[in-house]
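Before any comments, here is the structure.
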């Protein structure tokens, strides 16, 4: 129980979007009031693991929380990550833009097979700096987003362990830049957050 309390505290302190969603201080975080045609659908089965949120900074993609808390953390850290449709600060000082204007125009997803899977496994090796693919790494999905903001294209490569994501590599500009993420829940998340809290003391 203490571990869950630590995890929830950590989420509230580091994830303002998630905190707002839980306390209903961010109006329409789930995009229920978004104008028609402004919310792109996330294809199955990726929609089981990823949710689109309408935050005060525009749309973001985040981990869909199921029966237990789940977070995307930058590799080896407790730094949370969400994929935003536009950089922070775009709405500041603008009288014409709303949070619904900073959105994903298109979202697509597909299972990686054959040559494409081999290519994404190479990306995994480079991102996590190891030659060895985990024996429990399962299916790999590619989620592609196109933002209305400058037409930015982002690729998310989602690597499953069992039937749920365990690793994600986010690529921009044809993988000239990106970030590797650990997808943690349950005991793994509790251990990572507890370790981060210990280091902060």
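The values are calculated or read from the model by the stated rules, or taken from the named source; none is laboratory data. Only a predicted model underlies this, so the values are computations on that prediction, with no experimental measurement involved. Glycine gets a Cβ as well: all are built from the backbone with ideal geometry, and neighbour counts include every protein chain shown.
What the table shows:
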| read-out | value |
| --- | --- |
| Odd one out for residue 109 among (1) touching a helix residue (DSSP H, G or I) at 6+ places or on another chain (Cβ under 6 Å); (2) more than 17 Å from residue 61 (Cα to Cα) | (2) |
| Enumeration of residues in segment 151-201 that are within 23 Å of residue 39 (Cα to Cα), surrounded by fewer than 19 Cβ atoms within 10 Å (Cβ to Cβ) and at pLDDT 90 or above | 151, 152, 153, 155 |
| Residue within segment 89-102 that is crowded, with 16+ Cβ neighbours inside 10 Å, under 24 Å from residue 189 (Cβ atoms), touching a residue at least 60 places away in the same chain (Cβ under 8 Å) and touching a strand residue (DSSP E or B) at 6+ places or on another chain (Cβ under 9 Å) present | no |
| Selection status of residue 41, closer than 28 Å to residue 162 by Cα, surrounded by fewer than 17 Cβ atoms within 10 Å (Cβ to Cβ) and modelled with pLDDT under 95 | no |
| When residues of segment 45-70 are limited to those that are assigned to a loop (DSSP other than H, G, I, E, B) and modelled with pLDDT of 95 or more, the one surrounded by the fewest Cβ atoms within 10 Å (Cβ to Cβ) | 45 |
| Matching residues, segment 77-90, being at pLDDT 90 or above and assigned to a loop (DSSP other than H, G, I, E, B) | 77, 78, 79, 81, 82, 85, 86 |
| Residue match in segment 71-80 (condition: under 30 Å from residue 36 (Cβ atoms) and crowded, with 19+ Cβ neighbours inside 10 Å) | yes |
